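Step one of this worksheet: look at the structure below.
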Amino acid sequence: MFLKKFFHHPGILLGAGLIGGMVLFYGGKKATEVTSTDAFCASCHVHPHATDSWKQSTHYDNQRGIVVHCVDCHLPPHGFPYLREKVKTGMRDVWSTLVKDQEKINWEEKKTPEAAERHTYQASCIACHSNLFPRGLSREGEEAHLYFSDHQNEISCVRCHLQVGHYREGAIHAHNVDFGKQATVTVQVFTEPAKVDSFVSFTERIPGSTVQFDMVTIPGGTFVMGSPADEPFRKPDEGPRHTVHIRPFFMGKLEVSWDEYLAFFTQTGGTGHGTQQEKAVDGISGPTPPWGDPAQGWGRGIRPAITMTWQAAEAYCKWLSKVTGKHYRLPTEAEWEYAARGGTQGPYFFEGNPKKYSRHGWMRKIVAPDTAVIGRYLIYGMNSGGKTAEPSGLLPNPFGLVNMLGNVAEFCSDWYAPEYPAAEAENPAGPAEGTEKVIRGGSFMSDAADVRCAARDYTRTTDWLKTDPQIPKSIWWYSDCRHVGFRVVCDYPVHKTK
């Protein structure tokens, strides 16, 4: 009876509650502290080099001896959001450690700004870097932070400062004044371009360089442009379907490579003006040195050139025309689709249903898409490893073109419009005016749904220049677009340029 009264006494219950609460509070606090250490994070983190790259970064190795810990970036500032995200992140990492095969994780994709934005918190960046205009900040830094201050809901800190938390060799966040500089060439330099007297495929030579590339004949013909209403993943801008007649032309077997583009960059001396006020680019002016590394650290050589603006691609074509005496240009959208189809009319120029190849749909969480056939013809999201690739090993389309539907998306000369004219057309060149240019073909980032022959896209000039720290923005290089390049065409009969 005494014990019963004792344990029902209000004071005893209150005291027990307080003691229990204190135990839970301090126990929870201690558990949070222990599980928030860098060592604890590393104990179950499946990323193979997260700790090493962190210790090489400026968040660890800096002149002031300040160490920025895992939870300082990968969790929100302290409070309920911190605890909530800590539980979610911990469960995800434990699951990955126990279940996932590290060898099958695409770590290259985990290094992208898009991936970093999913695992870092803007509020945490601002909590540490509350003064965006510290003493010693460069002029470019002031301009960039001023732009950021006015657009915080549109861009994240990691878009510019991706490498500060995890070091990446070769990463540059400055004017890349050494870009395009090459070692002394000991092999023969071409002095004349290829001579073309008939409609046969040829290998073009760029005078003053060691670079050459293949041009393929595209016979004239008629095709139905656009996609039928029942094609899987069809979008409204892929119609209406209409008949188009195309004259013969030559087209690059591959996208313009870094070797080819750097011949342009070095021969024009990087003398072009870098401001948006410049209204036109002649055939001689070339790009200014880029901000950062346009090649993304993936390598150059015969990989497709990327991150140049549409205007820069146009300038390249004018320069190439001048040095070869031919008329090179970007393809029209109709020419591009005609060449991509290679005489076929299905979703792809090879057999297969897009639903079978795509990752879209709840079933794909259980059954992986089939990559055996599509992976033989193009580089796309399922086989790219998160970056562009060299063209070796891929099968061409019926016209002999390689990677028309993948690796990098490609500029066309047309202005973009959300629908086609319904009338039959002969060598159409697109709308007379517009605000953005057409892009065709998928890229190393694309799902199979977006590499169909009829799939369309367009430039996003403002979005693709958001993190360019220069004021005005560059007219030569995109700062936020790494999946677009281009392929050239040459008119036939070959029109000589003066």
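Given the conditions (1) of a type in the set (A, V, I, L, M, F, W, C); (2) in contact (Cβ under 8 Å) with a residue 24 or more places away in the chain; (3) under 19 Å from TRP464 (Cα atoms), and given that ALA194 satisfies all but one, which numbered condition is not satisfied?
So ALA194 meets the others, but not (3).
Please indicate, with yes or no, whether at least one residue in region 56-63 is aromatic (Phe, Trp, Tyr), part of a loop (DSSP other than H, G, I, E, B) and closer than 21 Å to MET382 by Cα. Can you show your working first?
From region 56-63, those aromatic (Phe, Trp, Tyr) are 60; that's our starting set.
From what's left, part of a loop (DSSP other than H, G, I, E, B): 60.
So of that shortlist, the ones also closer than 21 Å to MET382 by Cα come out as none.
So far as region 56-63 goes, no, none of its residues is aromatic (Phe, Trp, Tyr), part of a loop (DSSP other than H, G, I, E, B) and closer than 21 Å to MET382 by Cα.
Please enumerate the residues belonging to region 206-222 that are crowded, with 17+ Cβ neighbours inside 10 Å, assigned to a strand (DSSP E or B) and of a type outside the set (Val, Ile, Thr).
Hits for region 206-222 are PHE213, MET215.
Need the failing condition index for THR467 against (1) under 20 Å from PHE486 (Cα atoms); (2) within 15 Å of the chain's Cα centre (by Cα), just the number.
(1)
When you scan region 64-73, how many residues do you find that are in a helix (DSSP H, G or I), over 10 Å from VAL164 (Cβ atoms) and hydrophobic (A, V, I, L, M, F, W, C)?
Qualifying residue count, region 64-73: 2.
Condition (residue is closer than 22 Å to SER479 by Cα and part of a loop (DSSP other than H, G, I, E, B)) applied to region 96-105: is it met by at least one residue? It would help to see each step written out before you state the result.
Just the residues of region 96-105 that are closer than 22 Å to SER479 by Cα, to begin with: none.
Checked region 96-105: no residue is closer than 22 Å to SER479 by Cα and part of a loop (DSSP other than H, G, I, E, B).
So in region 242-283, with the set limited to residues that are surrounded by fewer than 16 Cβ atoms within 10 Å (Cβ to Cβ) and modelled with pLDDT of 95 or more, which one is nearest to GLU426 (Cα to Cα)?
So the residue we want is HIS245.
ARG487 is checked against (1) charged (D, E, K, R); (2) within 19 Å of ALA315 (Cα to Cα); (3) surrounded by fewer than 17 Cβ atoms within 10 Å (Cβ to Cβ) and fails just one. What number does that condition carry?
Looking at each condition in turn, ARG487 falls short on (3).
Conditions first: (1) in a strand (DSSP E or B); (2) surrounded by 11 or more Cβ atoms within 10 Å (Cβ to Cβ); (3) over 27 Å from the mean Cα position of the chain (by Cα). THR203 passes all but one, so which condition is the exception?
It fails just one condition, (2).
Kindly evaluate CYS412 against the criterion of being under 30 Å from HIS175 (Cα atoms), in contact (Cβ under 8 Å) with a residue 40 or more places away in the chain and either surrounded by fewer than 18 Cβ atoms within 10 Å (Cβ to Cβ) or in contact with a strand residue (DSSP E or B) (Cβ under 8 Å, 6 or more places away or on another chain) (or both).
Working: under 30 Å from HIS175 (Cα atoms): yes; in contact (Cβ under 8 Å) with a residue 40 or more places away in the chain: yes; either surrounded by fewer than 18 Cβ atoms within 10 Å (Cβ to Cβ) or in contact with a strand residue (DSSP E or B) (Cβ under 8 Å, 6 or more places away or on another chain) (or both): yes.
When the stated conditions are applied, CYS412 passes them.
Of all residues in region 286-314, which are in contact with a strand residue (DSSP E or B) (Cβ under 9 Å, 6 or more places away or on another chain) and aliphatic (A, V, I, L, M)?
Within region 286-314, ILE302, ALA305, ILE306, MET308, ALA312, ALA313 qualify.
So which of ASP463, ASP468 ends up being of a type in the set (Asp, Glu), touching a residue at least 12 places away in the same chain (Cβ under 8 Å) and in contact with a Cys (Cβ under 9 Å, 6 or more places away or on another chain)? Show your work before the answer.
Working: ASP468 fails: in contact with a Cys (Cβ under 9 Å, 6 or more places away or on another chain).
Exactly one of ASP463, ASP468 is of a type in the set (Asp, Glu), touching a residue at least 12 places away in the same chain (Cβ under 8 Å) and in contact with a Cys (Cβ under 9 Å, 6 or more places away or on another chain), namely ASP463.
Out of the residues in region 53-103 that are crowded, with 17+ Cβ neighbours inside 10 Å and of a type in the set (Gly, Ala, Ser), state the one that is nearest to SER156 (Cα to Cα).
For region 53-103, the residue satisfying everything is SER57.
Go through the residues of region 113-131 one by one and say whether even a single one is crowded, with 16+ Cβ neighbours inside 10 Å, in contact with a helix residue (DSSP H, G or I) (Cβ under 7 Å, 6 or more places away or on another chain), of a type in the set (Ser, Thr, Tyr) and more than 30 Å from LEU320 (Cβ to Cβ).
yes
Does VAL23 fit the bill of being in a helix (DSSP H, G or I) and at pLDDT 70 or above? Write out each step before concluding.
On the way: in a helix (DSSP H, G or I): yes; at pLDDT 70 or above: no.
Taking the combined requirement at face value, the residue does not satisfy it.
List, please: which pairs have Cβ atoms under 7 Å, are six or more places apart or on different chains, and start with a residue in region 372-387 that is at positive phi and end with one that is part of a loop (DSSP other than H, G, I, E, B) and among the acidic types (Asp, Glu)?
GLY385/GLU108; GLY386/GLU108
Name the one entry in ARG452, ARG460 that is buried (at least 24 other Cβ atoms within 10 Å of the Cβ) and either touching a Lys or Arg at 6+ places or on another chain (Cβ under 7 Å) or modelled with pLDDT of 95 or more (or both). Outline the logic, then answer.
Working: ARG460 fails: buried (at least 24 other Cβ atoms within 10 Å of the Cβ).
Just one listed residue meets the conditions, ARG452.
It is to be established whether one or more residues within region 417-439 are free of Cβ contacts under 8 Å to residues at least 12 places away in the same chain and within 18 Å of the chain's Cα centre (by Cα).
No; the residues of region 417-439 include none that is free of Cβ contacts under 8 Å to residues at least 12 places away in the same chain and within 18 Å of the chain's Cα centre (by Cα).
The values are calculated or read from the model by the stated rules, or taken from the named source; none is laboratory data. As the structure is a prediction and not an experimental result, all values here were calculated from the model. FYI the Cβ positions are ideal-geometry reconstructions off the backbone, even for glycines, and counts take in every protein chain you see.
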